[in-house]
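The values are calculated or read from the model by the stated rules, or taken from the named source; none is laboratory data. Bear in mind the structure is a predicted one, so any value in this text is a computation, not a measurement. As a convention, Cβ positions derive from the backbone with ideal geometry for all residues, glycine included, and neighbour counts pool all protein chains shown.
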Amino acid sequence: MVASAQSHDMLQIAAAAADAKGGEDLVALDVSEPLPLVDIFLLVTGRSERNVAAIADEIEDKLLEAGHKRLRREGRQESRWVLIDFGDLVVHVFHEEERVYYGLERLWKDCPLVPVELPAPAAAED
């Protein structure tokens, strides 16, 4: 199986939202082959618990605004690893230390990467 067009659209919305709140090291993995109920994992790093929470909230808000339904959210209270499940797209927002410790990229290394397109930065005015 291959990730659907809707999953790719959701990914771009989530990536833009993460980037807008300072999310770093965005990696998207096509997990549709080993996980038939999920197409894409998006991994994002935040620099602090407050940053992780802000990134997760922004991603959730933007996907909800686009009409996507959240199935579940976990970890928001601690904001060390927030998981947001939108069905075809599952977003993992990690604090830097948890990202290294859990190493999801290593666990899913056989899954193909999905390109993440971030909006171009606004040109500075002179």
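Observations
- Residue count, segment 71-90 (criterion: surrounded by fewer than 20 Cβ atoms within 10 Å (Cβ to Cβ) and more than 13 Å from the chain's Cα centre (by Cα)): 8
- Among the numbered conditions (1) assigned to a loop (DSSP other than H, G, I, E, B); (2) in contact with a Leu (Cβ under 6 Å, 6 or more places away or on another chain), the only one that ASP110 does not meet is (2).
- Filter pass, VAL27 being in contact (Cβ under 8 Å) with a residue 12 or more places away in the chain and part of a strand (DSSP E or B): yes
- Answer residue from segment 30-66, given it is of a type in the set (D, E, K, R) and touching a residue at least 40 places away in the same chain (Cβ under 8 Å) and is surrounded by the most Cβ atoms within 10 Å (Cβ to Cβ) among those: ASP39
- Residue in segment 18-50 that is modelled with the lowest pLDDT, counting only those that are farther than 18 Å from LEU118 by Cβ and among the β-branched types (Val, Ile, Thr): VAL38
- Reported count of residues in segment 20-46, each being touching a Ser or Thr at 6+ places or on another chain (Cβ under 9 Å) and at positive phi, is 1.
- Any hit, segment 91-101, residues being surrounded by 16 or more Cβ atoms within 10 Å (Cβ to Cβ) and closer than 20 Å to LEU37 by Cβ: yes
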